[in-house]
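Colleague: Quick one: this structure, given as C-alpha coordinates, is what I'll be asking you about.
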Amino acid sequence: RDKNKEPKVLKARDIPALAHYIKSNECKNIAIMLGAGVSTAAGIPDFRSPKTGLYSNLARLNLPHPEAVFDISFFRNNPVPFYSLAHELYPGKFRPTLTHSFVRLLSEKNLLLKCFTQNIDTLERRAGVPGNKIIEAHGSFATQRCIDCKSEYDDERMKKHVLEKKIPRCDRCKGLIKPDIVFFGEALPAEFIQSIGLLNSADLLIVMGTSLTVHPFASLAEMTPSSCPRVLINLDKVGDFGDQPDDVILLGQCDEVVKQLCQELGWEKELSRLWEKT
Ligand code: CNA
(Lines give C-alpha, C1' and ligand atoms only; values in the text may rest on other atoms or scores of the structure.)
Protein backbone atom coordinates (compact mmCIF):
# COMPACT_ATOMS: atom_id res chain seq x y z
CA ARG A 1 0.00 0.00 0.00
CA ASP A 2 1.24 3.47 -0.88
CA LYS A 3 2.23 5.15 2.40
CA ASN A 4 1.37 8.59 1.02
CA LYS A 5 -2.19 7.42 0.65
CA GLU A 6 -2.51 6.55 4.34
CA PRO A 7 -4.87 9.17 5.76
CA LYS A 8 -3.23 11.81 7.90
CA VAL A 9 -6.18 13.66 9.40
CA LEU A 10 -8.92 11.05 9.18
CA LYS A 11 -8.72 7.65 10.85
CA ALA A 12 -9.82 5.99 7.64
CA ARG A 13 -11.24 6.99 4.30
CA ASP A 14 -14.80 5.89 5.00
CA ILE A 15 -18.14 7.13 6.34
CA PRO A 16 -17.60 6.24 10.03
CA ALA A 17 -14.22 8.04 10.11
CA LEU A 18 -15.74 10.99 8.30
CA ALA A 19 -18.64 11.22 10.74
CA HIS A 20 -16.19 11.02 13.62
CA TYR A 21 -14.17 13.90 12.16
CA ILE A 22 -17.26 16.05 11.50
CA LYS A 23 -18.27 15.70 15.14
CA SER A 24 -14.80 16.53 16.44
CA ASN A 25 -13.52 19.96 17.43
CA GLU A 26 -11.14 19.94 14.48
CA CYS A 27 -14.00 20.33 12.03
CA LYS A 28 -15.69 23.72 12.32
CA ASN A 29 -15.79 25.01 8.75
CA ILE A 30 -17.22 22.85 6.01
CA ALA A 31 -17.08 24.06 2.42
CA ILE A 32 -19.52 22.55 -0.05
CA MET A 33 -19.31 22.38 -3.84
CA LEU A 34 -22.44 21.38 -5.75
CA GLY A 35 -23.30 20.48 -9.33
CA ALA A 36 -26.30 19.39 -11.35
CA GLY A 37 -26.14 15.84 -9.88
CA VAL A 38 -27.65 17.05 -6.58
CA SER A 39 -30.77 18.16 -8.42
CA THR A 40 -31.37 15.18 -10.71
CA ALA A 41 -33.41 13.50 -7.97
CA ALA A 42 -35.63 16.61 -8.01
CA GLY A 43 -36.39 15.88 -11.67
CA ILE A 44 -33.97 18.39 -13.24
CA PRO A 45 -31.71 16.73 -15.81
CA ASP A 46 -27.96 17.31 -15.49
CA PHE A 47 -25.77 18.11 -18.50
CA ARG A 48 -23.63 15.08 -19.00
CA SER A 49 -25.31 11.92 -17.71
CA PRO A 50 -25.63 9.61 -20.72
CA LYS A 51 -29.24 9.31 -22.03
CA THR A 52 -30.90 11.51 -19.36
CA GLY A 53 -28.55 14.54 -19.53
CA LEU A 54 -29.60 17.75 -21.25
CA TYR A 55 -26.79 17.55 -23.79
CA SER A 56 -28.06 14.27 -25.13
CA ASN A 57 -31.60 15.63 -25.30
CA LEU A 58 -30.99 18.93 -27.02
CA ALA A 59 -31.02 17.58 -30.57
CA ARG A 60 -34.63 18.62 -31.04
CA LEU A 61 -33.63 22.26 -30.50
CA ASN A 62 -31.56 22.32 -33.71
CA LEU A 63 -28.41 23.58 -32.09
CA PRO A 64 -25.05 23.53 -33.90
CA HIS A 65 -23.62 21.97 -30.69
CA PRO A 66 -25.23 21.51 -27.25
CA GLU A 67 -23.20 24.19 -25.46
CA ALA A 68 -24.61 26.76 -27.89
CA VAL A 69 -27.74 26.96 -25.75
CA PHE A 70 -25.62 28.78 -23.15
CA ASP A 71 -23.52 30.75 -25.61
CA ILE A 72 -24.10 34.48 -25.48
CA SER A 73 -23.48 35.19 -29.18
CA PHE A 74 -25.70 32.31 -30.23
CA PHE A 75 -28.40 33.57 -27.84
CA ARG A 76 -28.24 37.05 -29.36
CA ASN A 77 -29.09 35.60 -32.78
CA ASN A 78 -31.45 32.91 -31.63
CA PRO A 79 -32.85 32.97 -28.08
CA VAL A 80 -35.48 30.29 -28.81
CA PRO A 81 -33.48 27.20 -27.71
CA PHE A 82 -32.50 28.85 -24.44
CA TYR A 83 -36.09 29.88 -23.70
CA SER A 84 -37.42 26.39 -24.45
CA LEU A 85 -34.92 25.04 -21.96
CA ALA A 86 -35.76 27.77 -19.45
CA HIS A 87 -39.41 26.77 -19.75
CA GLU A 88 -38.48 23.23 -18.71
CA LEU A 89 -36.08 24.19 -15.95
CA TYR A 90 -37.82 27.22 -14.49
CA PRO A 91 -37.65 27.40 -10.69
CA GLY A 92 -40.85 26.87 -8.82
CA LYS A 93 -41.58 23.56 -10.51
CA PHE A 94 -39.10 21.57 -8.44
CA ARG A 95 -38.64 20.62 -4.81
CA PRO A 96 -35.22 20.53 -3.09
CA THR A 97 -33.64 17.13 -2.48
CA LEU A 98 -32.43 15.54 0.73
CA THR A 99 -28.92 16.63 -0.26
CA HIS A 100 -30.01 20.29 -0.36
CA SER A 101 -31.51 19.84 3.12
CA PHE A 102 -28.22 18.36 4.30
CA VAL A 103 -26.49 21.62 3.36
CA ARG A 104 -29.10 23.49 5.38
CA LEU A 105 -28.54 21.15 8.32
CA LEU A 106 -24.82 21.92 8.25
CA SER A 107 -25.69 25.60 8.33
CA GLU A 108 -28.05 25.14 11.28
CA LYS A 109 -25.26 23.35 13.10
CA ASN A 110 -22.97 26.33 12.41
CA LEU A 111 -20.65 24.14 10.40
CA LEU A 112 -21.24 25.61 6.95
CA LEU A 113 -18.42 27.84 5.74
CA LYS A 114 -19.87 28.39 2.23
CA CYS A 115 -21.88 26.49 -0.31
CA PHE A 116 -20.44 27.04 -3.79
CA THR A 117 -22.95 25.91 -6.38
CA GLN A 118 -22.88 25.67 -10.16
CA ASN A 119 -26.60 25.12 -10.21
CA ILE A 120 -28.98 27.73 -11.50
CA ASP A 121 -32.12 26.14 -10.11
CA THR A 122 -32.08 28.05 -6.75
CA LEU A 123 -32.90 24.84 -4.84
CA GLU A 124 -30.29 25.70 -2.16
CA ARG A 125 -32.32 28.80 -1.25
CA ARG A 126 -35.57 26.88 -1.49
CA ALA A 127 -34.16 24.36 0.99
CA GLY A 128 -33.55 27.23 3.40
CA VAL A 129 -29.77 27.57 3.18
CA PRO A 130 -29.17 31.23 4.18
CA GLY A 131 -28.44 33.50 1.22
CA ASN A 132 -25.15 34.73 2.70
CA LYS A 133 -23.86 31.14 2.74
CA ILE A 134 -24.55 30.47 -0.94
CA ILE A 135 -22.32 31.43 -3.84
CA GLU A 136 -24.21 30.91 -7.07
CA ALA A 137 -21.09 30.72 -9.21
CA HIS A 138 -23.03 30.48 -12.47
CA GLY A 139 -25.74 32.92 -11.41
CA SER A 140 -29.39 31.92 -11.23
CA PHE A 141 -32.87 32.44 -12.58
CA ALA A 142 -33.62 34.70 -9.60
CA THR A 143 -33.03 37.98 -11.47
CA GLN A 144 -32.74 39.05 -15.11
CA ARG A 145 -31.74 42.00 -17.27
CA CYS A 146 -31.39 43.30 -20.82
CA ILE A 147 -28.28 42.00 -22.58
CA ASP A 148 -27.77 45.41 -24.23
CA CYS A 149 -28.62 48.26 -21.85
CA LYS A 150 -28.48 46.03 -18.73
CA SER A 151 -31.78 47.39 -17.34
CA GLU A 152 -33.32 45.02 -14.84
CA TYR A 153 -36.57 43.30 -15.72
CA ASP A 154 -39.48 42.53 -13.41
CA ASP A 155 -39.54 39.03 -11.84
CA GLU A 156 -43.27 38.42 -12.29
CA ARG A 157 -43.29 39.52 -15.92
CA MET A 158 -40.28 37.29 -16.57
CA LYS A 159 -42.02 34.33 -15.00
CA LYS A 160 -45.13 34.92 -17.10
CA HIS A 161 -43.11 35.08 -20.32
CA VAL A 162 -41.14 31.91 -19.59
CA LEU A 163 -44.18 29.93 -18.57
CA GLU A 164 -46.09 31.09 -21.66
CA LYS A 165 -43.05 30.34 -23.84
CA LYS A 166 -42.68 33.97 -24.91
CA ILE A 167 -39.40 35.83 -25.23
CA PRO A 168 -39.23 39.00 -23.12
CA ARG A 169 -37.69 42.21 -24.47
CA CYS A 170 -36.44 45.32 -22.73
CA ASP A 171 -38.97 48.16 -22.30
CA ARG A 172 -36.26 50.73 -22.87
CA CYS A 173 -34.20 49.47 -25.82
CA LYS A 174 -36.04 46.33 -26.98
CA GLY A 175 -32.90 44.26 -26.29
CA LEU A 176 -33.27 40.62 -25.29
CA ILE A 177 -33.83 39.84 -21.63
CA LYS A 178 -31.66 37.09 -20.16
CA PRO A 179 -31.71 35.64 -16.64
CA ASP A 180 -28.55 36.45 -14.71
CA ILE A 181 -27.09 33.03 -15.32
CA VAL A 182 -23.50 32.94 -16.52
CA PHE A 183 -23.21 31.92 -20.16
CA PHE A 184 -20.02 30.59 -21.74
CA GLY A 185 -17.82 33.58 -22.44
CA GLU A 186 -19.21 35.62 -19.53
CA ALA A 187 -17.42 36.50 -16.30
CA LEU A 188 -18.32 34.78 -13.04
CA PRO A 189 -19.95 36.93 -10.35
CA ALA A 190 -17.61 39.09 -8.25
CA GLU A 191 -18.74 37.36 -5.06
CA PHE A 192 -17.43 34.07 -6.44
CA ILE A 193 -13.95 35.55 -6.93
CA GLN A 194 -14.13 37.27 -3.53
CA SER A 195 -15.03 34.08 -1.70
CA ILE A 196 -12.33 31.79 -3.10
CA GLY A 197 -9.92 32.78 -0.30
CA LEU A 198 -12.33 31.35 2.28
CA LEU A 199 -11.25 27.88 1.21
CA ASN A 200 -8.00 28.47 3.09
CA SER A 201 -9.94 28.17 6.32
CA ALA A 202 -11.90 25.04 5.35
CA ASP A 203 -11.55 22.02 7.65
CA LEU A 204 -13.49 19.82 5.25
CA LEU A 205 -14.59 20.05 1.63
CA ILE A 206 -17.59 18.07 0.39
CA VAL A 207 -18.07 17.95 -3.39
CA MET A 208 -21.39 16.55 -4.60
CA GLY A 209 -23.01 15.79 -7.98
CA THR A 210 -20.58 17.42 -10.36
CA SER A 211 -18.41 16.20 -13.23
CA LEU A 212 -15.82 18.87 -12.21
CA THR A 213 -15.32 19.76 -15.86
CA VAL A 214 -16.40 23.40 -15.93
CA HIS A 215 -13.62 25.83 -15.00
CA PRO A 216 -12.85 27.96 -13.07
CA PHE A 217 -15.44 26.39 -10.72
CA ALA A 218 -13.90 22.91 -10.88
CA SER A 219 -10.50 24.18 -9.74
CA LEU A 220 -11.94 25.18 -6.34
CA ALA A 221 -11.61 21.51 -5.40
CA GLU A 222 -7.84 21.89 -5.61
CA MET A 223 -7.65 25.04 -3.50
CA THR A 224 -8.13 23.71 0.01
CA PRO A 225 -5.08 23.34 2.32
CA SER A 226 -3.39 19.92 2.29
CA SER A 227 -4.60 19.35 5.86
CA CYS A 228 -8.23 19.63 4.71
CA PRO A 229 -9.90 16.29 4.01
CA ARG A 230 -11.93 16.22 0.79
CA VAL A 231 -15.03 14.14 0.17
CA LEU A 232 -16.50 13.30 -3.21
CA ILE A 233 -20.11 12.13 -3.32
CA ASN A 234 -20.93 11.34 -6.95
CA LEU A 235 -22.00 8.59 -9.32
CA ASP A 236 -18.51 8.46 -10.76
CA LYS A 237 -14.99 9.42 -9.72
CA VAL A 238 -14.10 12.86 -11.06
CA GLY A 239 -11.32 15.46 -10.88
CA ASP A 240 -8.16 14.52 -8.99
CA PHE A 241 -10.04 12.85 -6.14
CA GLY A 242 -8.02 10.02 -4.66
CA ASP A 243 -4.68 11.81 -5.08
CA GLN A 244 -4.61 13.27 -1.57
CA PRO A 245 -4.20 11.13 1.57
CA ASP A 246 -7.42 12.40 3.15
CA ASP A 247 -9.64 12.09 0.09
CA VAL A 248 -12.79 10.09 0.71
CA ILE A 249 -14.62 8.86 -2.38
CA LEU A 250 -18.21 7.82 -1.80
CA LEU A 251 -19.74 6.65 -5.06
CA GLY A 252 -23.51 6.47 -5.36
CA GLN A 253 -26.66 8.62 -5.47
CA CYS A 254 -26.06 11.76 -3.35
CA ASP A 255 -29.28 11.40 -1.40
CA GLU A 256 -28.42 7.82 -0.45
CA VAL A 257 -24.86 8.60 0.59
CA VAL A 258 -25.96 11.70 2.52
CA LYS A 259 -28.55 9.59 4.32
CA GLN A 260 -25.89 7.05 5.32
CA LEU A 261 -23.58 9.80 6.54
CA CYS A 262 -26.38 11.39 8.57
CA GLN A 263 -27.26 8.01 10.06
CA GLU A 264 -23.66 7.68 11.20
CA LEU A 265 -23.77 11.22 12.60
CA GLY A 266 -27.05 10.57 14.41
CA TRP A 267 -28.63 13.39 12.39
CA GLU A 268 -31.04 11.30 10.34
CA LYS A 269 -34.25 12.47 12.02
CA GLU A 270 -33.24 16.14 11.87
CA LEU A 271 -32.44 15.74 8.20
CA SER A 272 -35.76 14.17 7.28
CA ARG A 273 -37.65 16.72 9.38
CA LEU A 274 -35.96 19.57 7.52
CA TRP A 275 -36.60 17.95 4.17
CA GLU A 276 -40.27 17.25 4.90
CA LYS A 277 -40.78 20.92 5.78
CA THR A 278 -39.44 22.24 2.45
P1 CNA B 1 -22.67 17.66 -15.17
O2 CNA B 1 -21.46 17.93 -15.99
O3 CNA B 1 -23.91 17.28 -15.88
O4 CNA B 1 -22.26 16.52 -14.15
C5 CNA B 1 -23.18 15.98 -13.24
C6 CNA B 1 -22.44 14.95 -12.39
O7 CNA B 1 -23.32 14.50 -11.38
C8 CNA B 1 -21.97 13.72 -13.16
O9 CNA B 1 -20.67 13.37 -12.74
C10 CNA B 1 -23.00 12.64 -12.76
O11 CNA B 1 -22.44 11.36 -12.73
C12 CNA B 1 -23.35 13.09 -11.37
N13 CNA B 1 -24.70 12.71 -10.93
C14 CNA B 1 -25.86 12.78 -11.61
N15 CNA B 1 -26.90 12.43 -10.84
C16 CNA B 1 -26.37 12.11 -9.63
C17 CNA B 1 -26.92 11.67 -8.39
N18 CNA B 1 -28.23 11.48 -8.23
N19 CNA B 1 -26.09 11.44 -7.35
C20 CNA B 1 -24.74 11.61 -7.49
N21 CNA B 1 -24.17 12.04 -8.63
C22 CNA B 1 -24.97 12.29 -9.69
O23 CNA B 1 -23.03 18.91 -14.24
P24 CNA B 1 -22.04 19.94 -13.55
O25 CNA B 1 -22.86 20.64 -12.53
O26 CNA B 1 -20.77 19.33 -13.13
O27 CNA B 1 -21.73 20.92 -14.76
C28 CNA B 1 -21.68 22.22 -14.61
C29 CNA B 1 -22.84 22.94 -15.33
C30 CNA B 1 -24.13 22.22 -15.28
C31 CNA B 1 -23.11 24.22 -14.65
O32 CNA B 1 -22.79 25.28 -15.50
C33 CNA B 1 -24.61 24.26 -14.33
O34 CNA B 1 -25.15 25.53 -14.49
C35 CNA B 1 -25.19 23.29 -15.26
N36 CNA B 1 -26.50 22.70 -14.96
C37 CNA B 1 -27.22 23.05 -13.87
C38 CNA B 1 -28.43 22.45 -13.61
C39 CNA B 1 -29.21 22.87 -12.38
O40 CNA B 1 -29.19 24.04 -12.01
N41 CNA B 1 -29.86 21.93 -11.72
C42 CNA B 1 -28.94 21.48 -14.47
C43 CNA B 1 -28.17 21.13 -15.60
C44 CNA B 1 -26.96 21.75 -15.84
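The values are calculated or read from the model by the stated rules, or taken from the named source; none is laboratory data. As the structure is a computational prediction, the values presented were derived from the model and not from experiment. Backbone-built Cβ (ideal geometry, glycine too); neighbour counts: all protein chains shown. Note: accessible area is taken over every heavy atom of the protein model, side chains too, but ligands, DNA and RNA are not part of it. Shrake-Rupley method; radii C 1.70, N 1.55, O 1.52, S 1.80 Å.
Colleague: If packing is taken as the average number of other Cβ atoms within 10 Å across a peptide's residues, how do 192-202, 97-107 rank, most packed first?
Modeller: Answer by packing, highest mean first, reads 97-107, 192-202.
Colleague: Starting at 0 and stepping by 10 Å, how many percent of the alpha carbon pairs of the stretch 82-198 end up in each bin?
Modeller: Percent of Cα pairs in each bin: 13, 39, 33, 13, 2.
Colleague: What are the extents of the Cα atoms of the stretch 1-146 along their three principal axes, in Å, largest first?
Modeller: 54, 38, 25
Colleague: What accessible surface, in Å², does a 1.4 Å probe find on residue 55, ignoring ligands, DNA and RNA and rounding to the nearest 10?
Modeller: Around 40 Å² of this residue is reachable by solvent.
Colleague: How much accessible area per residue does the chain have, counting only protein heavy atoms and a probe of 1.4 Å, in square angstrom? Let's see the in-between values first.
Modeller: On the way: 13170 Å² over 278 residues.
Heavy-atom SASA per residue in the chain reads 47 Å².
Colleague: Work out how far the C-alpha atoms of the stretch 30-85 reach from end to end along every principal axis, then list the three figures in whole Å, largest first.
Modeller: Cα extents, longest axis first: 42, 25, 16 Å.
Colleague: Mind putting together the pair-distance distribution for the stretch 82-123? All Cα pairs, 5 Å bins, whole percent per bin, short to long.
Modeller: Whole-percent P(r) values from 0 Å outward: 6, 19, 23, 21, 14, 9, 6, 2.
Colleague: Right, here's the next one. For a label point 7 angstrom out from the Cα of residue 5 toward its Cβ, which stretches of the stretch 14-55 have the backbone nitrogen within less than 18 Å?
Modeller: Correct set: 14-15.
Colleague: Suppose a student asked you for the relative contact order of the chain, using Cα pairs under 8 Å spaced at least 6 residues apart; what percent would you report?
Modeller: That works out to 25 percent.
Colleague: What distance in nm separates the two pseudo spin-label positions at residue 72 and residue 149, each 7 Å out from Cα along the beta-carbon direction?
Modeller: Calculated label separation equals 1.9 nm.
Colleague: Would you work out which of 35, 54, 19 lies farthest towards the positive end of the dipole of the stretch 1-61, given +1 charges on the beta-carbon of Lys and Arg and -1 on that of Asp and Glu, about the Cα centre?
Modeller: Toward the positive end, the furthest listed residue is 19.
Colleague: Could you work out the pair-distance distribution P(r) of the stretch 144-278 from its alpha-carbon pairs, with 10 angstrom bin width and percents rounded to whole numbers?
Modeller: Spelled out bin by bin, the stretch 144-278 gives 10, 26, 25, 24, 13, 1 percent.
Colleague: Turning to a different aspect of this structure: For residue 93 and residue 156, what is the calculated FRET efficiency with R₀ set at 25 Å and r taken between the beta-carbons, to the nearest 0.05?
Modeller: For residue 93 and residue 156, the calculated efficiency is 0.95.
Colleague: Another one. Quick one: of the DSSP bridges fully inside the chain, what percent are antiparallel, nearest 5?
Modeller: The answer is about 20 percent antiparallel.
Colleague: Is any residue of the stretch 240-278 close enough, with backbone N under 19 Å, to a label point placed 7 angstrom from the Cα of residue 51 along the Cα-Cβ axis, and if so, which?
Modeller: The answer is 252-254.
Colleague: Full-extension gain between residue 214 and residue 198, please, as 0.36 nm times their residue separation minus the C-alpha to C-alpha distance.
Modeller: On the way: separation 16, 0.36 × 16 = 5.76 nm, distance 2.03 nm.
Full extension of this stretch gives 3.7 nm more.
Colleague: Follow-up. According to a simple spin-label model (label point 7 Å from Cα along Cα-to-Cβ), what is the distance in nm between residue 14 and residue 278?
Modeller: The two pseudo-label positions are separated by 2.9 nm.
Colleague: Give the accessible area for residue 215 in Å² (nearest 10); use a 1.4 Å probe, count only protein heavy atoms, and leave out ligands, DNA and RNA.
Modeller: Using a 1.4 Å probe on the heavy atoms, I get roughly 120 Å².
Colleague: Which ³J(HN,Hα) values, rounded to whole Hz and listed in residue order, are derived for the stretch 72-79 from phi using the Karplus coefficients 6.51, -1.76 and 1.60 in 6.51 cos²θ - 1.76 cosθ + 1.60 with θ = phi - 60°, glycine and proline given as x?
Modeller: Karplus values, whole Hz, x for Gly and Pro: 5, 6, 5, 4, 4, 7, 8, x.
Colleague: Could you tell me which of 176, 214, 103 has its Cα farthest along the dipole of the stretch 76-228 towards the positive end, charges placed at Cβ (Lys, Arg +1; Asp, Glu -1), taken about the Cα centre?
Modeller: Farthest along the dipole direction, towards plus: 176.
Colleague: For the chain, report the % of Cα-Cα distances exceeding 34 Å.
Modeller: 22
Colleague: Would you mind working out the magnitude of the charge dipole of the chain relative to its Cα centre, with +1 at each Lys and Arg C-beta and -1 at each Asp and Glu C-beta, to the nearest 20 Debye?
Modeller: 560
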